[in-house]
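To keep things clear, I will list the structure first and then write my remarks on it.
The values are calculated or read from the model by the stated rules, or taken from the named source; none is laboratory data. None of the values given here were measured: they were computed from a predicted structure. Ideal geometry is used to build each Cβ from the backbone, glycine not excepted, and the neighbour counts take in all protein chains shown. Each accessible area value is taken on the protein alone, full model and side chains, heavy atoms only, with ligands, DNA and RNA left out. Shrake-Rupley method; radii C 1.70, N 1.55, O 1.52, S 1.80 Å.
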Amino acid sequence: MEEVLDSQLSIQLYCMGCLPGEKITIERIAPFGDPMIISVEDTFISLRKDDAHKICVKRTES
Amino acid sequence: MIESTLRKHATLKDEEKVRLILVGNPNSGKSSLFNHLTGLNQRVGNFPGVTVEKKTGGVKITDSLKAEVIDLPGTYSLSPRSEDEQVTFDYLSDKNRKDLPELMVVIADASNLKRNLLLASQLIDLEVPTIIALNMMDIVQRNNQEIDLKGLSEDLGVPVVPMNARIGKGVEELKKAIAEFEYKPPKKFIEDHASKDGLSNTVVRFDKIKLILKQRLFDKGESVTAKTTRKIDKLLVHPIWGYFIFLFVLFMMFQAIFSWSNLPMDWIENGFLVFGQLLSDTLPDGVLTDLLVDGVWAGLGGIIIFIPQITLLFTFIAILEDTGYLARVSYLMDALLKRFGLNGRSIIPLLGGAACAVPAIMSARTISNKKERLLTIFVTPLISCSARIPVYTLLIALVIPAEKQLWTFNLQGVVMMALYLLGFVAALGTSLAMKYWVKSEERSHFIMELPIYRQPRWKNVLMTIYNKVKLFLVEAGKIIIAVSVILWVLSSYGPGEKMTEIDQKYEALGAFEGKSEQLASEKLEESYAGHLGKAIEPVIRPLGFDWKIGISIITSFAAREVFVGTMATLYSVGDSENTLTIKEKMARAQDPRTGEKVYTKATGYSLLVFYAFALQCMATVAIVVKETGGWKWPLIQLAYMGVLAYLASFIVFQIFS
């Protein structure tokens, strides 16, 4: 993960351990693409597509 | 960053009492620790001015040291974004508490140490006496991790106590650490934190936490618990099976609630009847006895009768919540509920609404978006609650023959199902309309941690049920009893001399035996309630209702199931032997003007729909006043649901007649 394009959202995600430099995994996506579950280390977080769009990531080799 | 005013004190050696403030992330086991510390010695209240639950309790730390425990709402950091987190923030920065020495106990989930240490580090920088309780050490072990506790404690500058709060392990050690606590000003976790904004502050903190953990946390392999959770999630939040499983769970839940609660409800009902009879027999005849038996006692019975259903429903909800499944249900439902202006989290109040809207509306507090929370509160009373069941049962049995089939299903059962569905659809439809009407600048999110799956912690489950039921008894109870007393006055007294005349007439008749019900019925007709019923008859005539139904609609404001009792009194005319059941009496009822049956299919269906929609519950109105902080929304809700009920009943009556 690189950055979050929304300061309100970023602080919320940072506090849950979802920060720049961390590896985010998309665990699953609900039908019709919304919402989704991501995981950072061992924390599972659900979030909506709108919010997910604001998270900038770089693809890593899995 | 906030300036904390928690009192600094060197040791607790000479103190008699200390205030323990529990702070921690959501899902860190804070309530488990709180329950282990306080047991039944706890109270649930509100923080002043806001609708955030405040739990306080007492515990003995040593023979000479007692503690008052405050459980602050779970929070991820000290930058408040919801009402819950604001409360934590405000509490810690409140300057007016000087009565007791205070000690902060930070509960951190050791299996998620990095994230949990963020809040801990912010709290340490408040420079108040702090102990860290490192919870869920069992999971750390299972995940093949090891934590250097001594090193961690040195790095952070505060005592660290390992524990497993779910089984109470480490609680004694924590008490010991509290008793032996010695305050030394800790090293600043990060320098000059006040000058940085929240975001960079957080990043700097995490950098340091990572450095510490590199030395203090040893990972020996893959996390077992996350793997298990992924496996279970594969099934439970599957894009297709997930929904089927949820529906199945829901179906089983309601099956269990209805079948298991029948017996205890019968006991309670009969118990109240027998004891009420006993009361009126032993006490001297008079107004006070009548008031006590027919007003207060009957009102009390009307509340207690719902306890089995409410307890069962909240038991299931508490278990589902504690295992981590309910968070997944919110995830599954978010996409659907979002379209209707609600939130995935709204599913919990909507489920609870099937038992009783009062505690359900209070559980809407977890929704941080104000508009979504308001909409949830607004539509929850449309879900058919357990008070409607007796009304539905009586009316369905009255207008639909038991042997009637629809395809292969029993028609009575189908109508019952349809009424529940009607409530749910009305709730969603209303919310959809309100979504466009209520304006809000606040953006809606659904950012929620999905905790790993765990066995339910039975102590937590029990405490949740205990607190919810107590809340229902107190909140709904006082309203229902008050309204019952008012209704008793309205139906026992009447304008002019009519009431006494009826009494005299029956007395003159002499043969009083077997006529008491007839007397009661005639008196009810002449009472204020009777006059009120007749006054509204022209208004409800288009719905197919007569004045007797009018009285019942009025008395139903105490609680909907009062309908059945009122009907029983009203229809005792002409049955001096009292051999017919209330259903048979109502089935025979005729309109005096036309000679037609009163309870035709049209009237029955119309009345069913009316009860499905109308907000005939003073306890709900009272709780909405409290939760929304004013009379505006409850009055709109009352008017809206009234109009909806009226129009729907009108249409139904016109279609079927």
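Have a look at A:GLU41, A:GLU2 and point out the one that is acidic (Asp, Glu), at positive phi and either facing another protein chain (nearest Cβ under 9 Å) or surrounded by fewer than 19 Cβ atoms within 10 Å (Cβ to Cβ) (or both).
Residue meeting the stated conditions: A:GLU41.
Spot the failing condition for B:ARG541; the list is (1) open to solvent by 50 Å² or more (accessible area, probe 1.4 Å); (2) modelled with pLDDT of 80 or more; (3) not in a helix (DSSP H, G or I), and only one is missed.
(3)
Filter the stretch B:110-134 down to residues that are within 15 Å of B:ARG216 (Cβ to Cβ) and either away from every other protein chain (no Cβ under 14 Å) or among the hydroxyl-bearing types (Ser, Thr, Tyr) (or both), then give me how many there are.
4
Of the residues that make up the stretch B:246-258, is at least one modelled with pLDDT of 85 or more and within 14 Å of another protein chain (Cβ to nearest Cβ)?
The answer is yes, given that some residue of the stretch B:246-258 is modelled with pLDDT of 85 or more and within 14 Å of another protein chain (Cβ to nearest Cβ).
Out of the stretch B:291-339, which residues are farther than 25 Å from A:MET36 by Cα, among the aromatic types (Phe, Trp, Tyr) and under 21 Å from the mean Cα position of the chain (by Cα)?
Hits for the stretch B:291-339 are B:PHE306, B:PHE314, B:PHE316.
Condition first: away from every other protein chain (no Cβ under 13 Å), under 25 Å from A:TYR14 (Cα atoms) and crowded, with 22+ Cβ neighbours inside 10 Å. Can you find one or more residues in the stretch B:43-66 that meet it?
Within the stretch B:43-66, not a single residue is away from every other protein chain (no Cβ under 13 Å), under 25 Å from A:TYR14 (Cα atoms) and crowded, with 22+ Cβ neighbours inside 10 Å.
For B:MET163, indicate whether it is touching a residue at least 12 places away in the same chain (Cβ under 8 Å), touching a Gly at 6+ places or on another chain (Cβ under 7 Å), surrounded by 15 or more Cβ atoms within 10 Å (Cβ to Cβ) and within 14 Å of chain A (Cβ to nearest Cβ).
No.
I need a count of the residues in the stretch B:263-292 that are assigned to a helix (DSSP H, G or I) and either open to solvent by less than 90 Å² (accessible area, probe 1.4 Å) or on the phi > 0 side of the Ramachandran plot (or both).
15
Which number in (1) open to solvent by less than 50 Å² (accessible area, probe 1.4 Å); (2) within 7 Å of chain B (Cβ to nearest Cβ); (3) of a type outside the set (S, T, N, Q) marks the one condition that A:GLY33 misses?
(2)
Test each condition in (1) closer than 21 Å to B:GLY565 by Cα; (2) at pLDDT 90 or above; (3) open to solvent by less than 20 Å² (accessible area, probe 1.4 Å); (4) assigned to a helix (DSSP H, G or I) for B:PRO634 and report the one that comes out false.
Evaluating B:PRO634 over (1) closer than 21 Å to B:GLY565 by Cα; (2) at pLDDT 90 or above; (3) open to solvent by less than 20 Å² (accessible area, probe 1.4 Å); (4) assigned to a helix (DSSP H, G or I) leaves (1) as the failure.
Within the stretch A:10-41, count every residue that is closer than 21 Å to B:LYS208 by Cα and among the small types (Gly, Ala, Ser).
Count: 3.
Taking helices (runs of 4 or more DSSP H) that fall entirely within the stretch B:350-450, which contain at least 1 residues that are of a type in the set (Gly, Ala, Ser)?
B:357-362, B:388-399, B:411-437
Of everything in the stretch A:33-62 that's part of a loop (DSSP other than H, G, I, E, B) and among the basic types (Lys, Arg), which residue is nearest to B:SER330 (Cα to Cα)?
Top of the filtered list is A:ARG48.
Yes or no: the stretch B:135-151 includes at least one residue that is touching a Lys or Arg at 6+ places or on another chain (Cβ under 9 Å), in a strand (DSSP E or B), under 27 Å from B:THR38 (Cα atoms) and away from chain A (no Cβ under 14 Å).
Yes, the conditions are met somewhere in the stretch B:135-151.
Report yes if B:LYS478 is crowded, with 21+ Cβ neighbours inside 10 Å, within 20 Å of the chain's Cα centre (by Cα) and in a helix (DSSP H, G or I), otherwise no.
So B:LYS478 fails the test.
Taking the condition of being more than 15 Å from B:PRO349 (Cα to Cα) and out of contact with any strand residue (DSSP E or B) (no Cβ under 9 Å at 6 or more places or on another chain), how many residues in the stretch B:312-336 meet it?
8
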